1. Could you sort the peptides 260-269, 107-116, 370-379, 306-315 by per-residue average Cβ neighbour count (10 Å cutoff), highest mean leading?
2. First check a/c for the stretch 313-447, with a ≥ b ≥ c the square roots of the eigenvalues of its C-alpha gyration tensor; if it is under 1.5, answer rounded, and if not, answer prolate when a/b is larger than b/c or oblate otherwise.
3. Quickly rank 449-455, 94-100 as a protection proxy: mean count of other C-beta atoms within 10 Å, highest first.
4. Expressed as a whole number of Å, what is the distance separating the alpha-carbon centroids of the stretch 405-425 and the stretch 222-287?
5. Helix 480-499 sits at what angle to the longest principal axis of the chain, using alpha carbons and giving 0 to 90 degrees rounded to 10?
6. So how far apart, in nm, are the two label points at residue 434 and residue 409 if each is 7 Å from Cα heading toward Cβ?
7. With axes computed from alpha carbons, what is the tilt in degrees of helix 203-216 against the longest principal axis of the chain, rounded to the nearest 10 within 0 to 90?
8. Principal axis lengths of the stretch 172-268 from Cα atoms, whole Å, largest first?
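Nothing in this text is a laboratory measurement; each read-out follows from the coordinates by a stated rule. Predicted, not measured: the structure shown is a model, and the values here were computed from it. When we count neighbours, we look across all protein chains shown, and the Cβ atoms used for this are built from the backbone with ideal geometry, even at glycine.
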Ligand SMILES: Cc1cc2nc3c(=O)[nH]c(=O)nc-3n(C[C@H](O)[C@H](O)[C@H](O)COP(=O)(O)OP(=O)(O)OC[C@H]3O[C@@H](n4cnc5c(N)ncnc54)[C@H](O)[C@@H]3O)c2cc1C
């Protein structure tokens, strides 16, 4: 198939995954990336003796041998899994609330016990919710194999939980089964990973995404996610593809409603049979293609969706082991209250956040930083809007103030932290936007509200013939597992056009 050429715009995880699959299938593949490194958010950076993971807290869908998750299988399918070392994280998360602290392990029974130990009177409701999550997850896996319309028609009868989950929020699902606001807060404390509070977050998304963590455990990547992104590049190149760095795409060429190639910043004009965008659909349609060439209903669909939140990160290199400061796990969530709607509204201000994650990277990988040191990162969700309106001369002062206040507040929970700061680097939504090109510095594409849960997200098929998307903005949505899967989906769409192949199962090799 070397007579067919695919061009991938951007080397985010979605684009890299699509490129690796396309190269393996024998297409001629060229990836054009504006940055000097591959991976988009999946990267690292170095300050002094410390290499920082830029984004990943916990990778889902990996699992140990014998219990591999779907992300691992997708990585095997494009010959990336064997090139990466995945390190298991022993717990799911530790929640710190004003009145209690609970460590939630992974594994269905273990996680359920942790919730029940803290709220023994709610055992029945907790159990019913966990069972519903399992049924939704199992049914969703079955539904993804459907290729015949007749099977889709019988789905509501065979998978009632799954169908119901598409129309309700997390809060609606839990209100039926749980009473104590503290339990609801504990159970949903990971909502930050999905960008919306339970009152607005899709129950389907929450159930399936959490199931992936609970069933297979969370993972860290040895050498940071830069190693994962580099492994994709290796696979692409081993299969004859090329990854061009520092050469962004400035326009996508169109003829008769069909994408026909790209023009890059270094002046290259490249013809293509297929164009796959890791770049987000808003920039792609409005800047790379031009709105006059995009069907109006697609532009309307873009305008009807809300861009998800971004992040504020404080990256800290400590001259001391984090475990000695009480950070005896990987992921901690600090909550100054139980009202998640209030926490969410605060994300639209430049006040210090009241909910943030504290991640100790040396827990899963003791060699993460030089001996006797450690790397700890504070991450809060924040929206881009207040940062966009901040006068330029107040940007640095605001970012330094929030970082200082977050360090102080974290030090109250883990005393001694602020006495061991060797290196501190801070990122804001503006940083995210600069490095990813994503509007608002969004880390998840569009919101995961009811209209943005995976079945209702935009398709991997773009608004023009032979144009596809593989990123957080379309199916399966934001997050690393989902973006890697999005690459497989985009590849599946190309294969439909090229060979008439239907059904992703046929595109994945059998796994052991
Ligand atoms: C701080 C932080 C923490 C996170 N934590 C987690 C976590 O714990 N678990 C998890 O699963 N996910 C996490 N995520 C989310 C996850 O990283 C993203 O959802 C995912 O990596 C997005 O991948 P993508 O394919 O959409 O590409 P992106 O990462 O958005 O990359 C897009 C790429 O396209 C390039 N590009 C854009 N325009 C052009 C152009 N015109 N020409 C060429 N190239 C272009 C950009 O330079 C970039 O490299 C986190 C993200 C952040 C920022």
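1. Packing proxy ranking, top to bottom: 306-315, 370-379, 107-116, 260-269.
2. prolate
3. So the order, starting with the most tightly packed, is 449-455, 94-100.
4. If we compute the Cα centre of each part, the gap is 40 Å.
5. Taking Cα atoms only, the helix is inclined about 20 degrees.
6. Distance between label points: 2.4 nm.
7. With rounding to tens, the tilt is 80 degrees.
8. Ordered largest first, the stretch 172-268 gives principal extents of 61, 40, 20 Å.
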